Structures are given as structure tokens and as C-alpha cells.
1. Name the long-range amide H neighbours of Val107: under 5 Å, sequence gap of 5 or more, or other chain; modelled H, no Pro or chain starts.
2. Residue-wise, which Karplus ³J(HN,Hα) couplings in Hz belong to the stretch 285-292, taking 6.51 cos²θ - 1.76 cosθ + 1.60, θ = phi - 60°, and x for glycine or proline?
3. Nearest 0.05, what FRET efficiency do Asn75 and Met211 give at R0 = 45 Å with Cβ-Cβ as r?
4. 222 nm [θ] for the chain, helices only, -39500 (n - 2.57) per DSSP H run of 4+, per residue, to 500?
5. Whole Å is fine, so just give me how far the alpha carbon centre of the stretch 160-179 lies from that of the stretch 91-145.
6. When the chain is fully extended, how far beyond the present Cα-Cα distance does Tyr61 get from Phe113, taking 0.36 nm per residue of separation?
7. Assuming 0.692 mPa s and 37 °C, estimate D for the stretch 184-338 with Stokes-Einstein, Rh taken as the Kirkwood radius over Cα pairs, in µm²/s.
8. I'd like the carbon and sulfur percentage of the solvent accessible area for the chain, probe radius 1.4 Å, heavy atoms only, ligands and nucleic acids excluded.
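The values are calculated or read from the model by the stated rules, or taken from the named source; none is laboratory data. Please read these numbers as outputs of a predicted model, since none were measured by experiment. Here the Cβ is made from the backbone with ideal geometry for all residues, glycine too, and neighbour counts use every protein chain on show. Protein only, heavy atoms only, side chains kept; ligands, DNA and RNA dropped before computing areas. Shrake-Rupley method; radii C 1.70, N 1.55, O 1.52, S 1.80 Å.
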Amino acid sequence: MGYGPQRYTNGVNTIRTIDYLVAISGNVGIKGGGSNFANRFTQNLASVFKDDNRAVNKRFYNRAKLGEYLKDQQNPPIEMIYISAGNPVSQCPDSDLVFRELQKRFVVVVDMFLTATTQAATIILPAASFLEKEDVFVPNMWHDYIGVSEKVIENIGESKSEVEIINQLAKRLDLDFPIKSEKEWVEYVKAHFEKALNIKFDKYFVRATKMEVPWEDKLFATKSKKFEFENEKMGVAVPTIDENKILKNQLRLVTVHSQKTLHSQEFFERRPIAIFNIEDAKRLGIGNGDKVLIYNGCGSFVVEAILKMDIKRGYIIVEEGYQNQNIETINSCIFPKTAEMDSQAAFNSNFVFVKKVAT
């Protein structure tokens, strides 16, 4: 299915309903059939670290509500934050709140680029790129190949891999920590996968599963061993509208992936544009190329209006991940709503007002 249908307050039941259609039409367990939302392959890696009992006190949070979590947590409050392989200010809902809460704390950010999150950092540590280190690439979506990469260039400037940074911290803080080199970690993880998945690495990659047709035997991981429409926690999925009340002149804000970026990782300059339906724009007095303010009770963001007929009326389409020179992001306008059971950020269940602003 791909990402998108689940990014609403009714997202879980939307995905479940699509699965129902596949099942009742007889398209499960046949070649070319099936329904796949996302191949959560990284769960196969978790057991490598589950025997580590050093972290005695643990707290978990919902990433969709990071700003609220930082603000509300007490007993004890969160005073120090270490961020690696992420840009939460740009990627989490209510990015203004996330930024403000990070600024109140001692924050260490490990990254290759100066992101919106680094602007809230106390210390920035330059991360090595994949060319500067040995690593294992584990798929999280869309395919099931595990890859191994070799170091091909020397570290640029003072950059260090996350493994080296953690090792040095452990030594300086005199922590009881399993210090391993990148090469040792790579071999350790490879050995885990070979044993857990009954596979054998070629030099650089291996397919993690040889399953060509899932559920070909029609046996499912349920109590009845059959496809079950009713879930113990959620019952039977019922398609619903995600919002019952939309205020006059509000439009639904939908943030989509760019074809040329990976979330907030970008290697070219792009303009903050919003695509409007021509009829909506005419009604609101907005012309092609106008600068407009998108705003709601959460925050605001200035974009350039692009008018098209092939956009559904009542919608605004904006690429995700963009941050301007003031470190403002479109997620300023996204409330920390979630889908059912707090399972997923409901990015697309947000509505905004728009008005033309002076250029």
C-alpha cells in the first residue's frame, strides 16, 4: 500500500479495511496477490540487544507527541537529550513546541548536516557518512535484502561514526559497555541474522527470506489459524470519516514525500510551495505564485501558492521536511494527533486557514 493511508485519525481501520477486501476477494496466499502495508523488518534486529540490562530505568514515548512528552515529564524531568540519526524538529508534529522544549535542555545532536534540530543543540557532533564507515544496512520497508558496506574513504574533518562516538563516551565515562569496533559489530550482527533467519551472507548482501508467496498454506498467526476480521482490542474495522467538523474556509493540509528527498535529508535547494485547487484559490482570492500564510491553532508557515486542477477541492498539498532559514517547518501547523491506539501520527488529519501576505 505504501505510506499515506494510515496518516489519519482513522488510519488503522483504513488499513485493516483494505486488508479485508484482499481477504474476502480471495487474494491472500496466491502469487501476485496479498496486501502489504510496510515490511517492518528491523524487528528482527531487536533481539541482538535485548540481553543488555544496563539501562535499568527506561521510559518510552510516542514520537507523534514528543513536544508534549518533554514538556510534561517529571519524576524525574528530562534534562539531557542525545539525538542520533534523526531530525525531530523537522519531522515531528508541532515542531515549534519540540524546538522550544529542546532549547530548555542540554542537547547533543549527531548529524552530517546543520538541520532544524541542530539549531536547538548545545553540542553538535559531526557524523560520518556511509562512505566513511563499515555498516550493515537493514531494510525497514519495501524489500528484504540485508547489505554490508565497506569503508571507502577516510573520515572527513572530525567526523566519526556513531559507533566510535558511543565507544569514546563509554570510555570517558567509565561505563560498563560492550565496546566493539565497527568491524566487530558488523560481524556480530551478521552472525545474529544468519542464526536467527537461517541465511548465509554472500560478501555484501543476502536476501533475508526466501518466502515467495506469504500464507500460501492459508495458515495465519491467529488463535483460529484463519484470517480473522475481529481484533481483541479493536473489534471489527469500520470505515469512518476522520473529522466530523471542519470550520468554514478551512482546507485539509496533506504533507507528502518529495521525489528528490528522504524526509528532511535534501541535497538541493527547494522552494516552500503549496499546491491548491484552482477553485479553492479563486474563492480565497489567491493567485498563482502568491505568498500565502498557512495557519491554525498550532502554528503557521509561509509558502508560495501553485494552482492546479488535479488537486482535490478542500486540500492543500505541501512537501514534508522543508525548513526555511528561520528554522520554520510545515510541521508547525500539524497538531500532535494520532491514529487509533496512539499508533501513528495523524499528519493528514489537520486543517488550516490561508490568507495572502505581502511579498
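1. Here Ile81, Thr122, Ile123 satisfy the definition.
2. Result, rounded to whole Hz: x, 10, x, 4, x, 5, 7, 10.
3. According to the calculation, E is roughly 0.45.
4. -5500 deg cm²/dmol
5. 18
6. 16.2 nm
7. My calculation gives 159 µm²/s for D.
8. Percent of accessible area from carbon and sulfur atoms in the chain: 54.
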